[in-house]
Amino acid sequence: MEIPVRGSVLSAFLLVIIFLASVSIGAMVGQWSTERMAERMAARFYAGDSELGEGGPLEAPVGDSVFNQLAYYDDDALSEPGLKRFSYTFTDNDNLYTALQCFSVPHELIMSWCQLAKGTYDLTMVKPGQSFALYTDASNEFVKLEYNINDEEELLIVKDGGGYRASRERIETDEPVEDGSFTAAVPAWVSSETGYHYYRGAVSGSFYESAVAAGMSPAKAMAMISVFGGINFSRDLQEGDKFSVVVAPGGKAGDEGPILAAMIETRGKPHYMFRFEEKGKTRYFNREGKSFKTNRLITPVLHARITSSYTKSRLHPILHKYRPHLGVDYAAAAGTPVRASAAGKVARVGYNGGFGKTILIAHGGGYMTQYGHLSRYGKGIRSGARVKQGQVIGYVGMTGLATGPHLDYRVFVNGKPINPLAVTALPDQPISNKAAFNASAENMLTELSRPLPLGPPAPWPAPPAVAAADAPQP
């Protein structure tokens, strides 16, 4: 009688083992397929336009003073009490993914919104000048997205119970009043000789509102904020501070090119930025020839949690020995995109012992960055390949000695590791031809202070077509 009982128990035990193994394998396969899907969807936002262009988004959480220069809180525009409204206008090289992550919208929520809107509007295709408004409630939950498709239509994604619903709606616009109190933005004056567009104004309220009131497009106003990387537009400006902008002509009559020069006061003190091209690379420099933006490092993993910082002594979670940890660990879900923190050249890619799948990028001036424990590499990543800042170079994993998915990020100067959190920017590359820059800056200084003709604000005649600048516009 005991033998059948033992046999039954053994059979039941084997069935339980087989069932648990099947569940585990199914979960792993499901997780793998979900990660691959997330990677593919995220890659669509980065493909082609992986470099954050002038006027594009800065990655920082809502409430950060730098981020608030690009995202505007507006409680006067709210029709529903208890909500906060944040607005954003797209410029060249923007994409919805990075813009929404600036507001701390989770990766999974962005993906679900794109899937929800599929068939109504493709949110991966954004155009400069389009905008959106994002609403949060008292608990900082994202309750509504208003995406302006064009002047007549918008895509609405609204929280509905435990999920969201999407719809395409016509925009209700206020008609101009008949008594003449409706006023349009004052257009820029355009030189019929050079095709340059000139904007002048004074700060009243926010700089963004003042620039648009002076005739600048929302995209150009955002571009100017980006050009002045060393100025906090929310804190440093005060009422009455003046600004002056010179913009290059575009390829067609009346079109605009990039910002050539700009001046803005902060508490009455003028600051200048000039566009200058050297060795095929275009950057913006102040009067002394220093750049504020091109060498700023960005976080390699958006909105990841730091689980281990730079230290000379840390108990290794696997080896159980105290040893230096000369980098920063960013914990994130497996498959999360990893970005190059600065432009550079891939020095080495491959398996590197306890670091697992690793990428080493050289940035010039003796600086290098290293990305370890990757699950796989980004498209086209190989030794000798050039990468842009913000380009997806790999995906978070746990190869090598790791207890969970994370990125081990390290920075080296002349081969010696330094604390990555203490490095905010790489040293500026000096201008080779300082005489040429000074001559160009002096010419633009004259244009910034050029007396403009007086007269009615509109319409100024469009200039003759002038060849567009070769470099990309901010």
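Cβ contacts < 6 Å: first residue aromatic (Phe, Trp, Tyr), restricted to region 277-304; second residue at pLDDT 85 or above, any location; separation 6+ or different chain. Result?
Tyr284/Met273; Tyr284/Arg275; Phe285/Phe274; Phe285/Phe276
Does at least one position in region 274-281 carry a residue that is modelled with pLDDT under 90, farther than 30 Å from Leu448 by Cβ and of a type in the set (D, E, K, R)?
no
Somewhere in region 427-442, is a residue within 23 Å of Leu302 (Cα to Cα) and within 27 Å of the chain's Cα centre (by Cα)?
no
If you go through region 119-152, how many residues are closer than 30 Å to Asp255 by Cβ, free of Cβ contacts under 8 Å to residues at least 60 places away in the same chain and not aliphatic (A, V, I, L, M)?
Adding up the residues that qualify gives 11.
Could you check region 393-410 and list, in sequence order, the residues that are over 21 Å from Ile298 (Cα atoms) and either in contact with a helix residue (DSSP H, G or I) (Cβ under 7 Å, 6 or more places away or on another chain) or part of a strand (DSSP E or B) (or both)?
Residues satisfying the conditions are Gly400, Leu401.
Rundown of residues vs (1) buried (at least 19 other Cβ atoms within 10 Å of the Cβ); (2) at pLDDT below 85; (3) among the aromatic types (Phe, Trp, Tyr), yes/no style:
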site	(1), (2), (3)
Val203	yes, no, no
Glu209	no, yes, no
Ser226	yes, yes, no
Gln238	no, yes, no
Pro249	yes, no, no
Gly257	yes, no, no
Arg267	no, yes, no
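Only one of His363, His373, His406 is crowded, with 21+ Cβ neighbours inside 10 Å, farther than 30 Å from Glu108 by Cα and not aliphatic (A, V, I, L, M). Can you tell me which?
His363
Within region 411-445, how many residues are assigned to a helix (DSSP H, G or I) and either among the hydrophobic types (A, V, I, L, M, F, W, C) or closer than 19 Å to Ala343 by Cβ (or both)?
Within region 411-445, residues that are assigned to a helix (DSSP H, G or I) and either among the hydrophobic types (A, V, I, L, M, F, W, C) or closer than 19 Å to Ala343 by Cβ (or both) number 10.
Search region 176-201 for residues being among the hydrophobic types (A, V, I, L, M, F, W, C) and assigned to a loop (DSSP other than H, G, I, E, B), and hand back the single one that is modelled with the lowest pLDDT.
By that ranking, first place goes to Phe182.
Would region 370-392 turn up any residue that is aliphatic (A, V, I, L, M) and in a loop (DSSP other than H, G, I, E, B)?
Yes: region 370-392 contains one or more residues that are aliphatic (A, V, I, L, M) and in a loop (DSSP other than H, G, I, E, B).
Restricting attention to region 106-148, which residues are among the β-branched types (Val, Ile, Thr) and over 19 Å from Met222 (Cβ atoms)?
Ile110, Thr120, Thr124, Thr136, Val143 - these are the residues of region 106-148 that are among the β-branched types (Val, Ile, Thr) and over 19 Å from Met222 (Cβ atoms).
Residue by residue through region 400-424, note down the ones that are under 28 Å from the mean Cα position of the chain (by Cα) and of a type in the set (Ser, Thr, Tyr).
Listed by number, the residues that qualify are Tyr409, Thr424.
State yes or no: is Ser449 among the hydroxyl-bearing types (Ser, Thr, Tyr) and surrounded by fewer than 19 Cβ atoms within 10 Å (Cβ to Cβ)?
Against the criterion (among the hydroxyl-bearing types (Ser, Thr, Tyr) and surrounded by fewer than 19 Cβ atoms within 10 Å (Cβ to Cβ)), Ser449 qualifies.
If you go through region 282-313, how many residues are surrounded by 14 or more Cβ atoms within 10 Å (Cβ to Cβ), within 24 Å of the chain's Cα centre (by Cα), assigned to a loop (DSSP other than H, G, I, E, B) and modelled with pLDDT of 80 or more?
So the answer is 8.
Where the second residue is assigned to a strand (DSSP E or B) and the first is at positive phi and lies in region 408-436, which pairs have Cβ atoms under 6 Å and are six or more apart or on separate chains?
Final answer for the pair search is none.
Out of (1) of a type outside the set (S, T, N, Q); (2) touching a His at 6+ places or on another chain (Cβ under 9 Å); (3) over 27 Å from Arg283 (Cα atoms); (4) surrounded by fewer than 19 Cβ atoms within 10 Å (Cβ to Cβ), the odd one out for Arg348 is which?
Result: Arg348 passes all but (2).
The values are calculated or read from the model by the stated rules, or taken from the named source; none is laboratory data. Everything numeric here is computed off the predicted structure, so don't read it as measured data. With ideal geometry, Cβ positions are generated from the backbone for all residues, glycine too; neighbour counts draw on all protein chains shown.
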